[in-house]
Amino acid sequence: MSHVVRDAAGSAGEREVDSALLTVGVEEEFLLVDPATGAAAEAVEAVLAEVPPELRGQVQHEFQTSQIEIGSPPGLQLEALSHSLGILRSGLSGAAERAGYRMLAVGTGPAGPDDDHSPRIVDNPRFHRMIERYGNVSPGPGYNGMHVHVGIPGPDIGVEVLNHLRPWLPVLHAATTNSPFYNGRDTGYASWRSVLWNRWPPVGPTPWLESHAHYLTLVDELIDSGMLLDSGMLYWYARLSSHLPTVEIRIGDVCLTIDDAVLIAALIRGLVSAALEDIEAGRPALPIDHHMLVAAHWRAAHDGLEGLACDLFDGGTHPAWQLVRRLFERIGPHLERHGDLETVSYLLGRLHTHGTGAARQRSVFNRTGEMSQVIDYLAVQTRG
């Protein structure tokens, strides 16, 4: 099915968007830990040296020496995405073990160290400038997220898509929660990473955007203010990629399992496809007040899917899974168009049965009373 997407002025554009041909790619950040203590370890160089040559083009440093990042190639099929993430996760887990460490798919360090003994940042001039600019906002074992890229036909359409995504992102935020523990303690949050990550000034909900020109103006103003070093530091929960023809969704903790990551990627692609259809039909995005977006994302980070969620459409608060079901109904035709409906139905069922990564970690700890058992569980689930 082709969508003739309207341009920013509202006239029919020349470009046609086949919503069944929206590519999707995933970036994942992982924590490297000492196998004896589970604490974050300054291990990235040792692990990179053990990465198989055929994977090195898809692996890189992250901000701290306790982190490592992978990126899948963009593609159309969820099966291919799952295969790619499986090869990368397995390859890096093996590299970490050969180097004497373990790799965990977790939002932040469940077993420390505390902020006074944080792993060093990677020796990169840009990272050093970030520390000089922002000061003591980054200590900790490392904050590990997942970024999903969905292909779009151009930036003018992209900013409209970003507006349409805003009310749905807290639901996805809740589904990705995977960091309940920090420095050996239960934080009371499903995503403690979200709390720590929000110490960085540029982090937050995407503002309402009038046009691509408005988007660029906002970025320039934030750079001029000193809040951003450059456009790459635009840490809005959804943005236009600075180097790819995609919208980039960056709300979540890194997912515990490959299946969780594939599910979130599919849901995001479905939402982008639905947004393109709305734009074609002239249906406007729902303007949401900034303070309510902040509240909805706070609730998502706190409760995950095991509690309540803010409904940005009716202003109420409901069980989180009620909003997940509504999201699924909203994008069902778009999942079917991509060939994703059966897979997403199955994976959502598993998520409902087993809970988010945060819920699963807590289940292990409640059963065993040992953080070491949580670390073991994370390592096994990460590899896939």
Check: Among R239, R166, which is the only one that is out of contact with any helix residue (DSSP H, G or I) (no Cβ under 6 Å at 6 or more places or on another chain), among the basic types (K, R) and within 29 Å of I131 (Cβ to Cβ)?
Finding: R239
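One line per residue, one yes/no per condition, for (1) at pLDDT below 95; (2) within 15 Å of the chain's Cα centre (by Cα); (3) of a type outside the set (A, V, I, L, M):
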{"position": "S191", "(1), (2), (3)": "no, yes, yes"}
{"position": "L216", "(1), (2), (3)": "no, no, no"}
{"position": "I223", "(1), (2), (3)": "no, no, no"}
{"position": "M233", "(1), (2), (3)": "yes, no, no"}
{"position": "R239", "(1), (2), (3)": "no, yes, yes"}
{"position": "E248", "(1), (2), (3)": "no, yes, yes"}
{"position": "G282", "(1), (2), (3)": "no, no, yes"}
{"position": "A285", "(1), (2), (3)": "no, no, no"}
Checklist line | Filter result (modelled with pLDDT under 50 and not small (G, A, S)) within the stretch 1-52 | finding: M1, H3, V4, V5, R6, D7, E14, R15, V17
Notebook entry, point to check: Could you list, in sequence order, the residues of the stretch 41-57 that are surrounded by 15 or more Cβ atoms within 10 Å (Cβ to Cβ) and more than 30 Å from N183 (Cα to Cα)?
Noted result: L55
Checklist line | Subset of the stretch 91-133 (residues that are among the β-branched types (V, I, T) and modelled with pLDDT of 95 or more) | finding: V106, T108
Notebook entry, point to check: For the stretch 329-340, how many residues meet the condition of being β-branched (V, I, T) and within 24 Å of A105 (Cβ to Cβ)?
Noted result: 0
Item checked: Top-ranked residue in the stretch 163-189 [being part of a helix (DSSP H, G or I) and more than 15 Å from the chain's Cα centre (by Cα); ranked as surrounded by the most Cβ atoms within 10 Å (Cβ to Cβ)] -> N163
Item checked: Within the stretch 214-259, considering residues that are in contact with a strand residue (DSSP E or B) (Cβ under 9 Å, 6 or more places away or on another chain) and of a type in the set (D, E), the one farthest from L88 (Cα to Cα) -> E248
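For (1) touching a residue at least 40 places away in the same chain (Cβ under 8 Å); (2) among the hydrophobic types (A, V, I, L, M, F, W, C), each residue gets a yes or a no:
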| position | (1), (2) |
| --- | --- |
| Q58 | no, no |
| P74 | yes, no |
| Q77 | yes, no |
| I87 | no, yes |
| A95 | yes, yes |
| G100 | yes, no |
| A105 | yes, yes |
| G112 | yes, no |
| D123 | no, no |
Check: Just for the stretch 336-380: of the residues that are within 20 Å of the chain's Cα centre (by Cα) and of a type in the set (A, V, I, L, M), which one is nearest to A301 (Cα to Cα)?
Finding: A358
Checklist line | Residue tally, condition under 11 Å from R239 (Cα atoms) and not in a strand (DSSP E or B), over the stretch 146-159 | finding: 3
Next item on the list: Check off (1) more than 18 Å from Y143 (Cα to Cα); (2) in a loop (DSSP other than H, G, I, E, B); (3) touching an Asp or Glu at 6+ places or on another chain (Cβ under 8 Å) for T37 and give me the number that stays unchecked.
Entry: (3)
Margin query: Looking at the stretch 341-384 only, could you name the residues that are farther than 16 Å from G109 by Cα, free of Cβ contacts under 8 Å to residues at least 24 places away in the same chain and outside any helix (DSSP H, G or I)?
Written below: G369
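The values are calculated or read from the model by the stated rules, or taken from the named source; none is laboratory data. Owing to the predicted nature of the structure, the values given are computational and were not obtained by experimental measurement. Virtual Cβ from ideal backbone geometry, glycine too; neighbours counted across all protein chains shown.
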